[in-house]
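Reading through the structure tokens given below for one structure.
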Amino acid sequence: MRSSIGSPEFADSFMIETLNEFGLAVRYVRAEGNTLYHVAEDGTEVGVFDAAGGFGSLMFGHHHPQIVAHAKWLLDQQTPVHTQLAGYTFALNLAAELNTVVRRELETEDRFFAHFGNTGAEAVEIAVKHAELERGMRIAGLRDEIAGHVEQARRAVARGAALSEAAAAFAHGGGFEDLVAEVTRRNAVTGQRPPLLLALEGGFHGKLIGSVQLTYNEAFRAPFKALAAQTRFIPRDRPELIAKVVEEERATLWDVVVRDGVVEVAERDFPVFTAFVVEPIMGERGIVPLSARLARALREACDTIGVPLVADEIQCGMGRSGTFLAGTQIGLRPDYIVLAKALGGGIAKLGVVLINEHRYQKEFEMMHTSTFGRDGFSSLVAVKVVQMLEAEDGKAYQLAAERGAKARAMMEAIKADYPDVVKDVRGKGLMLGFEIHKQSGSASPEIREATEHEALSYIIGGHLLRKHRVRIFSTASSDETLRFEPSIYLSDEEIAQVDVAFRDVCQILQDQDASRFA
């Protein structure tokens with residue numbers, strides 16, 4: 001029996017109140033393929049084309065028969081869900097499947113160790129935690145090296161080595177032990193410096209305590225600034241600024257070395273940065289693909305700084321762009337890969353970080369654990385999803401590219417017909433952004449006011465839903481961009497439906513007649 005939907009009294013009351021204002025609060029009771037169903041006042045089911053697609057989660061649509069049948073079979077077989085601390089879990093199967101695909105796409109023999117969590121946001125936090133463990137080990141290695149150099153210098157002084165003028169000044173005119181004390185004091189101060197992260201302006205990486213600090217939107221990030229490591233954001237079209245930011249944040253550890261029988265002080269760079277986290281296609285920024293030039297610059301910068309490059313493929317990965325990893329198309333060479341959303345086939349909830357063997361710290365496996373992080377049900381559902389993506393020589397990737405190209409051509413034609421309304425169409429595969437020009441100069445006071453209050457996308461969304469039965473939303477940090485992320489089974493009829501719907505909106509905006517928004 002289908003469950004009824006309850007009252008907003010105890011949950012989501014503010015969200016429902018807000019969405020109701022625009023006609024977007026709907027009790028969906030059934031889902032299949034690219035269609036969500038709600039019940040009309042006369043009791044009939046009404047189908048709505050779901051262009052939002054779970055914000056990238058539904059590569060195979062709602063309740064794909066193969067995924068549903070597999071999930072039912074797993075439960076009927078009494079597949080163990082919880083086997084914590086058994087070591088041998090079905091997550092091993094999934095890790096092997098993912099390695100096969102990722103190593104092929106990256107054209108590497110390197111292995112990738114998988115660490116699992118419940119969601120994409122948790123997976124981002126796992127990545128950051130592992131990278132911080134790496135940073136801590138680099139710092140510990142530097143301290144051990146400096147301590148070894150101090151002992152070497154102490155023995156040299158015992159044999160008659162003298163301090164250089166610079167070293168004597170550093171020790172405030174004192175002797176060797178005063179020098180060591182000053183070095184120790186300064187290094188202790190530097191060691192208290194909190195880590196920093198690097199990310200791109202406009203990026204979105206989650207809303208948990210740590211991941212929200214990687215998310216550029218200040219409304220999400222600023223209220224929780226005091227809770228986690230901070231991020232320096234780099235404009236995606238100015239990769240040369242990475243070096244400037246690194247220099248601005250540079251910190252020094254002091255070393256004691258012996259050169260030609262003289263004790264000197266030497267500067268060593270302190271590892272300030274933990275990781276550089278990027279989306280190959282920036283989702284909430286407005287569906288903005290990164291360039292191959294930027295991908296090369298990111299790799300070079302991370303190699304120079306000594307930090308891992310983390311590819312957040314949560315929304316754009318799993319074949320949505322036309323390849324398993326969106327970064328493959330721009331030559332991105334990450335150290336860590338984060339996957340979630342579509343990995344669960346629209347049914348299971350899980351996220352994973354794939355970490356290159358050359359950076360993996362095995363002790364981390366006991367440092368971050370999660371009750372459902374390696375559960376048998378989710379792992380084996382995800383194995384089925386990966387196998388479906390790979391089936392028939394990657395037919396799913398081909399469909400994403402072909403169906404996406406046809407949808408994009410439709411949007412480009414609208415842009416050509418309404419150049420004063422449509423600013424841009426961009427994206428790859430079935431991750432497309434349809435951006436309208438900002439309407440702050442509209443002759444319609446209603447449209448101007450809605451633009452000022454960042455409500456126009458909600459008005460448009462409500463109109464598309466009520467009049468055209470198309471469900472679509474804007475991206476979080478680009479209110480003018482509608483995100484288009486349906487499944488690979490997008491039909492010609494659904495493309496035609498969106499064509500009519502978008503043209504209607506464009507005509508309303510061109511005529512500047514808000515009264516026609518249903």
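The values are calculated or read from the model by the stated rules, or taken from the named source; none is laboratory data. Predicted model only: the values in this text are computed from it and were never measured. Every residue, glycine among them, receives a Cβ derived from its backbone with ideal geometry; neighbour counts consider all protein chains shown.
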* **strands (runs of 3 or more DSSP E) within the stretch 238-278 that include 2 or more residues charged (D, E, K, R)** => 252-259, 262-269
* Asked: Do we find a residue being crowded, with 20+ Cβ neighbours inside 10 Å, touching a His at 6+ places or on another chain (Cβ under 7 Å) and not assigned by TED's automatic domain parsing to the domain that holds residue 502 anywhere in the stretch 402-417?
  -> no
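In the stretch 450-465, is there at least one residue being in the same structural domain as residue 17 (by TED's automatic domain parsing), closer than 20 Å to residue 206 by Cα and not in a strand (DSSP E or B)?
For the stretch 450-465, residues in the same structural domain as residue 17 (by TED's automatic domain parsing), closer than 20 Å to residue 206 by Cα and not in a strand (DSSP E or B): absent.
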* Out of curiosity, is residue 303 on the phi < 0 side of the Ramachandran plot, touching a Lys or Arg at 6+ places or on another chain (Cβ under 8 Å) and without any contact (Cβ under 8 Å) to a residue 24 or more places away in the chain? -> no
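Could you say whether any residue in the stretch 74-90 is out of contact with any strand residue (DSSP E or B) (no Cβ under 7 Å at 6 or more places or on another chain), under 30 Å from residue 434 (Cβ atoms) and either loosely packed, with under 13 Cβ neighbours inside 10 Å or at pLDDT 95 or above (or both)?
The answer is no; no qualifying residue exists.
From the list 100, 89, which residue is under 26 Å from the mean Cα position of the chain (by Cα) and among the hydroxyl-bearing types (Ser, Thr, Tyr)?
The match here is 100.
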* Index of the failed condition, residue 402 passing every other in (1) without any contact (Cβ under 8 Å) to a residue 12 or more places away in the chain; (2) farther than 24 Å from residue 59 by Cα -> (2)
* Is it the case that the stretch 62-69 has a residue that's closer than 30 Å to residue 518 by Cα, under 26 Å from the mean Cα position of the chain (by Cα) and surrounded by 14 or more Cβ atoms within 10 Å (Cβ to Cβ)? -> yes
* **Residue check for residue 231: under 23 Å from residue 127 (Cα atoms), out of contact with any strand residue (DSSP E or B) (no Cβ under 7 Å at 6 or more places or on another chain) and of a type in the set (Ser, Thr, Tyr)** => no
* Asked: In the stretch 83-99, which residues are touching a residue at least 12 places away in the same chain (Cβ under 8 Å) and in a helix (DSSP H, G or I)?
  -> 91, 93, 94, 95, 97, 98, 99
* Can you tell me which residues in the stretch 476-513 are within 20 Å of residue 21 (Cβ to Cβ) and at pLDDT below 95? -> 476, 479
